[in-house]
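To keep things clear, I will list the structure first and then write my remarks on it.
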Amino acid sequence: MIEMFFAYFALVSIAAGVLTVSLRHPVHCALSLLVLLLHVSGLFILLNAEFLWAVQVIVYVGAILVLYLFVLMLLNLKSDERYFHPSALYILGPAVVGGGYVLYLLLRSPFSGAKGDTPAAAVLQDGNTYAVGIKMFSDHLLQFEIVGIFLLGAIIGAIVLAKTPKPLDRERERL
Amino acid sequence: MIPLSAYTAVSAVLFMTGLLGVLVRRNFIIVLMSVEIMMNAANINLVAFSHYLESMAGQLVALFIIAIAAGEAAVGLAIIIVVFRGKISTNVDEMNLLKW
């Protein structure tokens with residue numbers, strides 16, 4: 001059963017990713033990105049990461065993708081006729097070969113590393129959100145604060161960049 | 001039981017798709033969307049390793065990546081709006097203001 005869900009989420013997310021980079025109209029690309037993000041959140045559920053699932057749906061789908069769609073509607077872009085870069089065909093061949101080699105290496109490697117300190121049973125006892133919260137506010141507090149400062153800087157930067165430039169006040173400039 | 005390599009394979013394919021999108025597409029907004037695809041591929045990888053190697057750190061890094069993606073989207077789209085206001089185009093080939 002889980003294998004079926006995994007196959008569904010994996011195949012649909014890959015297909016949506018391919019559609020995102022290959023569709024012609026930008027709004028269609030954004031909508032297939034929506035499909036991709038939702039199916040990736042389904043993969044998070046399969047990996048027992050419920051909190052990350054919620055964050056993915058709320059932040060990625062609810063905030064970032066809406067921001068993209070908002071800008072697309074604001075700019076009212078037409079779909080380009082020649083929308084691929086001219087050297088696309090030169091990139092595609094090596095990319096497919098390299099990607100196939102990487103996949104071959106990944107599928108034959110056992111990934112048997114050292115285990116960490118939170119086994120699945122301990123996570124299931126108190127819930128994933130509890131485990132993430134305990135870990136975040138004990139070991140990773142500094143990163144958390146840094147991300148907060150980063151988001152503040154990003155907000156200020158976005159406001160400053162997107163503000164309508166004020167016409168110069170010549171009277172005051174002379175003083 | 002799904003092997004860990006299946007998740008890494010999905011993530012590799014998604015990352016490759018996003019990389020191709022960054023290299024191949026000419027619309028700046030689609031390029032940013034491809035960057036989001038790459039970040040999602042990295043997130044799948046981190047969460048899969050976090051689950052299979054029984055450590056919580058991967059999920060935390062994935063959370064931070066989501067936060068950084070939000071900031072990147074906000075600033076990137078603001079830059080797009082500024083460029084679009086001046087040149088009426090979001091084509092990356094025509095954005096050469098900083099080219100020397």
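Just so it is clear, none of the values below were taken in a lab; they were calculated from the coordinates. All values derive from a computational prediction rather than experimental measurement. All Cβ positions, glycine included, derive from the backbone under ideal geometry; neighbour counts span all protein chains shown.
Computed 3J(HN,Hα) for the stretch A:89-102, one whole-Hz value per residue from the Karplus formula 6.51 cos²θ - 1.76 cosθ + 1.60 where θ = phi - 60°, is 5, 5, 7, 4, x, x, 5, 5, 5, x, x, x, 5, 4, glycine and proline marked x. Coupling constants for the stretch A:139-149 follow from the phi torsions by the Karplus curve (6.51 cos²θ - 1.76 cosθ + 1.60, θ = phi - 60°), and in residue order they are 8, 10, 5, 5, 4, 4, 5, 4, 5, x, 4 Hz; glycine and proline get x.
For chain B, modelled as a Gaussian network with Cα springs under 10 Å, which listed residue fluctuates most, B:Met56, B:Met33, B:Met16? Greatest mean-square fluctuation among the candidates belongs to B:Met56.
For B:Arg26, the residues whose modelled amide H falls within less than 5 Å of its own, excluding neighbours fewer than 5 places apart on the same chain, are A:His85.
Semi-axes of the equivalent ellipsoid for the stretch B:4-94, computed as √(5λ) from the eigenvalues of its C-alpha gyration tensor and ordered from largest down, come to 31, 16, 5 Å.
Which residues does a label at A:Glu50 reach in the stretch A:114-147, if reach means a backbone N under 13 Å from a point 7 Å past the Cα toward the Cβ? It comes to A:123-132, nothing else.
The angle separating the long axis of helix A:2-22 from the principal Cα axis of greatest extent in chain A is about 20 degrees.
Pairs of Cα atoms nearer than 8 Å and 6+ residues apart set the relative contact order; for chain A it is 17 percent. Per-residue 3J(HN,Hα) values for the stretch A:42-53, derived from phi via the Karplus relation 6.51 cos²θ - 1.76 cosθ + 1.60 with θ = phi - 60°, read x, 4, 4, 4, 4, 9, 6, 10, 5, 5, 5, 4 Hz in sequence order (x marks Gly and Pro). With helices as the sole contributors, chain A gives -22500 deg cm²/dmol at 222 nm; each DSSP H run of n ≥ 4 counts as -39500 (n - 2.57), and the sum is divided by every residue.
Comparing A:Val35, A:Val71, A:Val59 in a Gaussian network model of chain A, where Cα atoms under 10 Å apart are tied by springs, the biggest mean-square fluctuation is seen for A:Val71.
Over the residues of chain B, the helix contribution to mean residue ellipticity at 222 nm works out to -27500 deg cm²/dmol, using -39500 (n - 2.57) for each DSSP H run of at least 4. For A:Leu77, no residue 5 or more places off, or on another chain, has a built amide H under 5 Å of its own. At q = 0.12, 0.17 Å⁻¹, what is the log10 ratio I(q)/I(0) for the protein assembly as shown, with the Debye formula run over Cα points and no solvent? For the protein assembly as shown at q = 0.12, 0.17 Å⁻¹, log10 I(q)/I(0) is -0.80, -1.38. Geometric descriptor of the stretch A:21-151, per residue, is 173 Å³ (volume of the convex hull of the Cα atoms).
For the protein assembly as shown, the number of Lys pairs separated by eight or more positions or lying on different chains, with C-alpha atoms closer than 28 Å, is 9.
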